[in-house]
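Notes for the one structure printed next.
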Amino acid sequence: MSRKASPPPSRRWTALALIALAQFMVIMDTSIIGVALPKMQKELGFSQENLSWVFNAYVVVFGGLLLLGGRLSDLFGARRLFSLGWIVLGAGSLVAGVAGDVPTELIGRGVQGVGAALIAPSALTLLMMLFGANPKELTKAFAVYGAAAPAGGTAGVFLGGLITEYASWPWVFYINIPIAILALAAAPALLPGGALAPRGSIDVVGALTVTLGLGAAVFAIVRAPEIGWGDPATWGVLLLAAVLLVGFLLSQARKRQPLMPLSIFRAANLAAANLAQLLLGAAWIPMWFFLNLYLQQVLGYSAFPSGAALLPMTVLIMVGMVALAPRLMARFGAKAMIVTGLVLLAGGLYWMSFIRPDGNFWVDVLPASLLAALGMSLAFIPSLQTAISAAKPEEGGLASGIVNTSYQIGSALGLAVVTAVAAGYGADRLGDKVALTDGFSVAFIAAALVAAVAAVLTVVTVRTRKAAETETKVDSVV
């Protein structure tokens, strides 16, 4: 990147605000539909079992194409991809908002996912370009960026409730359009342009293969409770998903310029940190999804109160990620913070499983949700920064694509699995508060188990800084 292409130093923090806004929005789009789901279900004709596809259509495409987005960012310039992503996201938002049936809605959500897959890795690459030379500033920048993700996820529920209550559900999509216009106008002045990277190939087939494989896996898991786990169709689709995903990995090992060079995982802690991100998403997103349904379908909250009920989580996440997590990570190290955060998240989720059909917000929701939010705020930034920092500078776009992919795919697969489990215990019985509560309780227990397993795996797989440096030196000699 040339100096001429870089914004003045005084504008870097303003540029960070734009980058954080991008991360906030692409994650908010996973959750802003949460409070609107019951009304969308009624007007568009979704079944209770298939309602999660409003979420999954976005997340599967988002997660499946993030690797391609990271690769394109490295090849054609992060700012170019950042701007293109906003154009695509705005177009998808328009389609999702005007949709009058299930297929059109899912198409719109998928197009939104394509836009998000271009925005997210390029935003993270731009952050590294702006702050990578100064470790102290980089940690602060990561704190702001990291806080934007779960804060966007939780704030989306609040904003979705406000919009659904006082406007209508299509506006949870239309809200993206003016923000996209604002981002497009601000990007040239604030973000570094950079030069085009050396020429290289684009593995479009690989991107489609991994996206279709992940989509098939989610489809099979979500549909299994309806048609049966023993049905040949369930196992046939799961087999197809396995073939596609294994084929993707084999193709990446053989290609000269793969979408995801498997050699990148030789970097100390990159694979371990991505595993932590994957399982973090698999625990956090099901909690958000089913907690929102519990508030509306069991406690009887309307759209706005349901969204406002989760506002304390947003505030705690923002404070925890910006003010608490960086200081604790500097003192105790990334590994200790990831493990601590995951343990607290597991505890909050297990506490949440004690919800009651005749419960209330102050006893059944607030304490457990705050503990879970604290855990999320402590685990997210250390695992994110560990994954990104492990990669070489020239692989920044790829590394950011991988870590974003890990979180989003973990979210999609986690929600699919937990939805299937919860449906078996009554989460699909609309109108029966006891059965719904039983199903939601099992969902929280399942998510708690995911977080607990993630904590154990982090203890085993993540190296301390000294161990990682030693491993890197050995690899370089070899």
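The table for this structure:
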item	result
Flag for Gly152 being of a type outside the set (A, V, I, L, M) and within 14 Å of Ile19 (Cβ to Cβ)	yes
From the options Gly160, Gly153, residue that is surrounded by 19 or more Cβ atoms within 10 Å (Cβ to Cβ), at pLDDT 75 or above and outside the structural domain of Val246 (by TED's automatic domain parsing)	Gly160
Filter result (of a type in the set (Asp, Glu) and either outside the structural domain of Gln297 (by TED's automatic domain parsing) or in a helix (DSSP H, G or I) (or both)) within the range 406-441	Asp438
Neighbours by Cβ (under 9 Å, 6+ apart or cross-chain): first from the range 235-254, part of a helix (DSSP H, G or I); second of a type outside the set (Asp, Glu) and surrounded by fewer than 17 Cβ atoms within 10 Å (Cβ to Cβ)	Trp235/Trp229; Leu249/Leu262; Ser251/Val205; Gln252/Pro261; Gln252/Leu262; Ala253/Leu262
Number of the condition not met by Leu44 [criteria: (1) farther than 25 Å from Ala183 by Cα; (2) crowded, with 19+ Cβ neighbours inside 10 Å; (3) of a type in the set (A, V, I, L, M)]	(2)
Single residue of Ser47, Ser52, Ser93, Ser83 found to be small (Gly, Ala, Ser) and part of a loop (DSSP other than H, G, I, E, B)	Ser47
Count of the range 283-321 residues which are in a helix (DSSP H, G or I) and more than 16 Å from Lys433 (Cα to Cα)	25
Residues satisfying the stated conditions in the range 173-194, i.e. touching a Pro at 6+ places or on another chain (Cβ under 9 Å) and part of a helix (DSSP H, G or I)	Ala189, Leu190
Meets criteria (more than 20 Å from the chain's Cα centre (by Cα), at pLDDT 85 or above and not assigned by TED's automatic domain parsing to the domain that holds Gly439) for Val243	yes
Any chance Ala224 is closer than 19 Å to Ala412 by Cα, assigned to a helix (DSSP H, G or I), among the aliphatic types (A, V, I, L, M) and without any contact (Cβ under 8 Å) to a residue 40 or more places away in the chain	no
Candidates Leu66, Leu130, Leu124, Leu81, filtered to the one that is crowded, with 24+ Cβ neighbours inside 10 Å, at pLDDT below 95 and touching a Lys or Arg at 6+ places or on another chain (Cβ under 7 Å)	Leu130
Hey, Leu349 of a type in the set (A, V, I, L, M), buried (at least 24 other Cβ atoms within 10 Å of the Cβ) and in the same structural domain as Ala454 (by TED's automatic domain parsing) or not	yes
Output for the range 325-350, where each listed residue is closer than 30 Å to Ser441 by Cβ and either in contact with a Ser or Thr (Cβ under 8 Å, 6 or more places away or on another chain) or among the basic types (Lys, Arg) (or both)	Ala325, Ile338, Val339, Gly341, Leu342, Gly348
Any chance Ser263 is in contact with a Ser or Thr (Cβ under 9 Å, 6 or more places away or on another chain) and either touching a residue at least 40 places away in the same chain (Cβ under 8 Å) or not in a loop (DSSP other than H, G, I, E, B) (or both)	no
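So that you can scan it fast, the table gives a plain yes or no per residue for (1) modelled with pLDDT under 85; (2) of a type in the set (A, V, I, L, M, F, W, C):
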{"site": "Ser168", "(1), (2)": "no, no"}
{"site": "Leu190", "(1), (2)": "no, yes"}
{"site": "Gly193", "(1), (2)": "yes, no"}
{"site": "Pro198", "(1), (2)": "yes, no"}
{"site": "Gly215", "(1), (2)": "yes, no"}
{"site": "Arg223", "(1), (2)": "yes, no"}
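The values are calculated or read from the model by the stated rules, or taken from the named source; none is laboratory data. Here the structure is a predicted model, which is why all the values come from computation and not from measurement. Positions of Cβ are generated from backbone atoms using ideal geometry, with glycine treated the same way; all protein chains shown enter the neighbour counts.
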